[in-house]
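Undergrad: I have a structure here, written as structure tokens, and I will follow up with some questions on it.
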């Protein structure tokens, strides 16, 4: 019996993600001009999450809006995927100058070894569906970071 396994569909992408993390770190293989930076993500009910990497997918909502969602997808220097969601709702009827004070906000972040874990986390945080902000950030990440290419669609046999 042969130990060789044929990798197809999403499994091939997962293998590329693993290879990128262990054999060819994204810093050596990814040269699209997104700089490596130090990021510090706030998280509700936890300490901030800090890492060095690239932001490969994101949404840019109107920060002055009454309600909004900002989603970001990052990849660390060693290939770990980080997802972050910041949602807010401002108080209604504010008559003062500047932005209305926050009524509520939510900061959550996930750390993922595999691409499918990151996608599942975005779906879970969206109440069981991939919301429009999460979809836009995920699609951008899949287009910008080669090991995620192919993860923009679900492939079945």
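Undergrad: Going by the conditions given, is residue 129 farther than 18 Å from residue 60 by Cβ, loosely packed, with under 15 Cβ neighbours inside 10 Å and modelled with pLDDT of 90 or more?
TA: Answer is yes for this residue.
Undergrad: What number of residues within segment 115-137 are closer than 16 Å to residue 80 by Cβ and in contact with a strand residue (DSSP E or B) (Cβ under 7 Å, 6 or more places away or on another chain)?
TA: Number of matching residues: 4.
Undergrad: Okay, moving on. For segment 2-18, does any single residue satisfy the condition of being under 15 Å from residue 142 (Cα atoms), at pLDDT 75 or above and surrounded by 10 or more Cβ atoms within 10 Å (Cβ to Cβ)?
TA: No: zero hits.
Undergrad: Shifting gears a bit: Looking only at segment 131-157, how many residues end up being outside any helix (DSSP H, G or I) and over 10 Å from residue 71 (Cβ atoms)?
TA: Let us first name the residues in segment 131-157 that are outside any helix (DSSP H, G or I), namely 131, 145, 149-157.
From what's left, over 10 Å from residue 71 (Cβ atoms): 145, 149-157.
Total satisfying the criteria: 10.
Undergrad: Let me ask something else. Checking the structure you have, find out if any residue of segment 56-66 is farther than 16 Å from residue 34 by Cβ, surrounded by 20 or more Cβ atoms within 10 Å (Cβ to Cβ) and modelled with pLDDT under 90.
TA: no
Undergrad: Any idea which residue in segment 81-114 is surrounded by the most Cβ atoms within 10 Å (Cβ to Cβ), counting only those that are touching a strand residue (DSSP E or B) at 6+ places or on another chain (Cβ under 6 Å) and assigned to a loop (DSSP other than H, G, I, E, B)?
TA: 100
The values are calculated or read from the model by the stated rules, or taken from the named source; none is laboratory data. In this text, all values refer to a predicted model and were calculated from it rather than measured experimentally. All Cβ positions, even for glycine, are placed from backbone atoms using ideal geometry, and neighbour counts span all protein chains on display.
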